[in-house]
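Since every read-out is calculated from the coordinates, none of them should be taken as a lab result. Values in this document were obtained by computation on a predicted structure and should not be read as measured data. Neighbour counts are summed over all protein chains in view; Cβ atoms, including those assigned to glycine, are modelled from backbone coordinates with ideal geometry.
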Amino acid sequence: MLIQGLIIIIDLDNFGEYVEKHGLDPYKPNIVTGTLSELVYRFVNKWRGVVIYGLDFERGTEEAVIELPYGHENIDDILKDLLEIKEEINKLGVSISIVVVQDYVYPDLAGDRRIAYKGTVGRIRAWKILRKIKKTGGNKIVFV
């Protein structure tokens, strides 16, 4: 069942380069991916959201697709919390892009990355916006 809500995509910018530069293991959590895992976990619990894809405590989180049913009712507070996530990651020396789209959500786990990003019209829209902001340097929060 589709209901009104928010689709949120969070993605670390150029993180592969950061991992290579610092000699990190891409398959184990590090200070950035471990911190993002914890921040996403807290955010989702606070707003009663669903992680469609990406939260990974074993490897660390580099990206996450989240849906918040009825989240549009609290958009100002949600954007404030997302700004805090961005600022925490920026303090670690990494940029992060966040897209928030108000649309219909289908809050159910995606079996794979393709479904996570392209499983609904709203997710496709959010993914396209994410690609655009990353091409212009990233490190932004965009709400549409």
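Which ordering of 17, 67, 84 is given by a fewest-first count of other beta-carbon atoms within 10 Å? Don't skip to the end; give the middle numbers.
On the way: 17 9, 67 26, 84 12.
With the fewest neighbours first, 17, 67, 84 line up as 17, 84, 67.
Taking the alpha-carbon centroid of each part, what is the distance from segment 1-21 to segment 60-131 in angstrom?
6
Using each residue's phi in segment 102-116, evaluate 6.51 cos²θ - 1.76 cosθ + 1.60 at θ = phi - 60° and report the 3J(HN,Hα) Karplus result to the nearest Hz, with x for Gly and Pro.
8, 6, 7, 10, 10, x, 9, 4, 8, x, 8, 4, 4, 5, 4
Roughly how many nanometres apart are two label points built 7 Å out from the Cα toward the Cβ at residue 42 and residue 76?
The answer from the label model is 2.3 nm.
Could you tell me, in Å, what Rg and Dmax come out for the Cα atoms of the chain?
Final numbers for Rg and Dmax: 14.2, 45 Å.
Given H placed on each backbone N at 1.01 Å, which residues far from residue 52 in sequence or on other chains put an amide H within less than 5 Å of it?
65, 66, 67
Can you tell me how segment 1-69 classifies by the Cα gyration tensor, rounded, prolate or oblate, using a/c under 1.5 as the rounded cut? Working shown, then result.
Details: a/c = 3.07, a/b = 2.26, b/c = 1.36.
Cα axes put segment 1-69 in the prolate bin.
Within the set 91/128; 46/128; 118/140; 80/118, which residue pairs have Cα atoms separated by over 24 Å?
Numbers: 91/128 27 Å; 46/128 27 Å; 118/140 22 Å; 80/118 26 Å.
Pairs exceeding the cut-off: 91/128; 46/128; 80/118.
Among 60, 116, 23, which residue has its Cα positioned farthest towards the positive end of the charge dipole of segment 3-143, with +1 placed on the Cβ of Lys and Arg, -1 on the Cβ of Asp and Glu, and the dipole taken about the Cα centre?
About the Cα centre, the residue reaching furthest to the positive side is 116.
Please turn the phi angles of segment 86-95 into ³J(HN,Hα) values with the Karplus equation 6.51 cos²θ - 1.76 cosθ + 1.60 (θ = phi - 60°), one per residue in order, whole Hz, x for glycine and proline.
With coefficients 6.51, -1.76 and 1.60, one gets 4, 5, 5, 5, 4, 4, 8, x, 10, 8 Hz.
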